[in-house]
Amino acid sequence: MIGVLVSGNGSNLQALLDAALPVSAVASNRMGAYALVRARDAGVSTATFSLDCHADRAERDLVMATWLEEHGVELVVLAGYMHLLTTPFLQRFPDRVINIHPSLLPAFPGARAIDDALAAGVETTGVSVHYVDEGLDSGPLIAQEHVPVEPRATLVERIHSVEHRLLPQVVRDLCPAAR
Ligand code: GRF
């Protein structure tokens, strides 16, 4: 089973759901994340783990890890999840946490990757899927796809459409139950 962590719109979660991958649980750090609506519409269990309700980030992550395990989660997918994960969480899912990021990592980590690539004047950017460690968009790469920056007006849309194809592909490869 797959658990997905989200903070925002959830279009990548939607791509996983549309691909009929076995998503059993969706967790967010933000109650208002639209991704939670998408999950509920698909009949998937949701929960919000706000930092405000916990002593610290490590405690929040442990409670979240337990909830995911209770939902049979074997692979954790970060799909627009905007917090770093702590060591206690990662130790519960060794080599089983992945993230999608809109750049050719290690170039342009962080929350503004597409704007940063545009500002840097590169000709090509792309999409990366990688294993997650404690760092910011660091960890071993699993898959990358290049996206030309021009035409700039459609770059965001083209990157998202690559994401929505690449993430389900990688998840299917990593999740034996989904093949
Ligand atoms: C995506 O661009 C993803 O690569 C990045 O955050 C964005 C999330 O979009 N990590 P969505 O919430 O899946 O629509």
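The values are calculated or read from the model by the stated rules, or taken from the named source; none is laboratory data. None of these values were measured; they are calculated from a predicted model. Heads up, the Cβs are rebuilt from the backbone with ideal geometry, glycines too, and the neighbour counts pull from every protein chain shown.
Kindly indicate whether any position in segment 68-86 is surrounded by fewer than 20 Cβ atoms within 10 Å (Cβ to Cβ), acidic (D, E), within 17 Å of the chain's Cα centre (by Cα) and within 16 Å of the ligand (Cβ to nearest atom). The answer is no, given that none of the residues of segment 68-86 is surrounded by fewer than 20 Cβ atoms within 10 Å (Cβ to Cβ), acidic (D, E), within 17 Å of the chain's Cα centre (by Cα) and within 16 Å of the ligand (Cβ to nearest atom). Six or more apart or on different chains, Cβ atoms under 7 Å: show the pairs whose first residue is in segment 97-125 and free of Cβ contacts under 8 Å to residues at least 24 places away in the same chain and surrounded by 12 or more Cβ atoms within 10 Å (Cβ to Cβ) and whose second is in a helix (DSSP H, G or I) and small (G, A, S). So the pair list comes out as F108/A117. Scanning for something under 21 Å from L167 (Cα atoms), away from the ligand (no atom under 13 Å from the Cβ), acidic (D, E) and without any contact (Cβ under 8 Å) to a residue 40 or more places away in the chain, does segment 51-65 turn up at least one residue? No; the residues of segment 51-65 include none that is under 21 Å from L167 (Cα atoms), away from the ligand (no atom under 13 Å from the Cβ), acidic (D, E) and without any contact (Cβ under 8 Å) to a residue 40 or more places away in the chain. Residue pairs whose Cβ atoms lie under 7 Å apart, sitting 6 or more positions apart in sequence or on different chains, and linking a residue in segment 150-179 that is over 25 Å from G121 (Cβ atoms) to a partner that is of a type in the set (D, E, K, R) and not in a helix (DSSP H, G or I), are R172/R179.
So that you can scan it fast, the table gives a plain yes or no per residue for (1) assigned to a loop (DSSP other than H, G, I, E, B); (2) under 23 Å from R30 (Cα atoms):
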{"residue": "E59", "(1), (2)": "no, yes"}
{"residue": "T66", "(1), (2)": "no, yes"}
{"residue": "H83", "(1), (2)": "yes, yes"}
{"residue": "P88", "(1), (2)": "no, yes"}
{"residue": "A107", "(1), (2)": "yes, no"}
{"residue": "A111", "(1), (2)": "yes, yes"}
{"residue": "T125", "(1), (2)": "no, no"}
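Per the conditions (1) surrounded by 15 or more Cβ atoms within 10 Å (Cβ to Cβ); (2) within 14 Å of the ligand (Cβ to nearest atom); (3) within 21 Å of I142 (Cβ to Cβ), the sole criterion not satisfied by A39 is (3). Among residues that are part of a loop (DSSP other than H, G, I, E, B), among the hydroxyl-bearing types (S, T, Y), touching a residue at least 24 places away in the same chain (Cβ under 8 Å) and more than 11 Å from the ligand (Cβ to nearest atom), S138 is included.
For the residues L174, L167, the requirement of being within 28 Å of L36 (Cβ to Cβ) and within 13 Å of the ligand (Cβ to nearest atom) singles out L167.
One residue alone among G3, G8 is within 16 Å of the ligand (Cβ to nearest atom), under 23 Å from E134 (Cβ atoms), in a loop (DSSP other than H, G, I, E, B) and within 15 Å of the chain's Cα centre (by Cα), and that residue is G8. Within the set R152, R158, the sole residue that is within 14 Å of the ligand (Cβ to nearest atom), at pLDDT 95 or above and basic (K, R) turns out to be R158.
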